[in-house]
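All remarks here apply to the structure that follows.
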Amino acid sequence: TILAGVGGVGGLSHKATAFAMLVLLWSVGASAQGPALTALAQEKAPAGSEATALGLPRAVGDGTYIVAPLILGYVSDVTDGRGLPGVACGVAGGAICLGSIALFLLGEEEEDFR
């Protein structure tokens, strides 16, 4: 694989190289998501509320950066001491699934782009 071919580059172990590549992949996705989400919010905003639509995705995202670590830290503290490691990852995954389902159910019908 590619990771095996570049493992050990620059004195890094295979695990460190894999981690660095995954962080790079995440950063590309995160940088592409920001403008796309803002453009979608701008496009779907009712007339006269475009400014709010520009700020809302960023405000919600920043709020998530504040709330999620507190919730996941609490879950980890409560469950890890009881021999249940990894429950915080399950809670995070469940939250992502619930949020995706909520967006799907609350979304508007698809527009005809013909």
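The values are calculated or read from the model by the stated rules, or taken from the named source; none is laboratory data. All values reported here derive from a predicted model rather than from experimental measurement. Cβ sites come from the backbone with ideal geometry, for glycine too, and all protein chains shown count toward neighbours. The protein model used for the area step is the full one, side chains on, heavy atoms only, and it has no ligands, DNA or RNA in it. Shrake-Rupley method; radii C 1.70, N 1.55, O 1.52, S 1.80 Å.
Remarks
- Residue within region 80-98 that is modelled with pLDDT under 85 and part of a helix (DSSP H, G or I) present: yes
- Of the residues contained in region 12-22, none is found to be open to solvent by less than 90 Å² (accessible area, probe 1.4 Å), within 22 Å of G94 (Cα to Cα) and at pLDDT below 85.
- Note on region 37-61: residues that are within 27 Å of A95 (Cβ to Cβ) and open to solvent by 60 Å² or more (accessible area, probe 1.4 Å) total 11.
- Output for region 35-58, where each listed residue is part of a helix (DSSP H, G or I), more than 20 Å from G107 (Cβ to Cβ) and of a type in the set (G, A, S): A51, G55
- All positions within region 62-85 that are of a type in the set (V, I, T), open to solvent by less than 70 Å² (accessible area, probe 1.4 Å) and without any contact (Cβ under 8 Å) to a residue 12 or more places away in the chain: V78, T79
- In region 92-106, the residues that are of a type in the set (G, A, S) form Cβ pairs under 8 Å with partners that are modelled with pLDDT of 90 or more and open to solvent by less than 80 Å² (accessible area, probe 1.4 Å), at six or more places apart or across chains, as follows: A92/A68; A92/L72; A95/A68.
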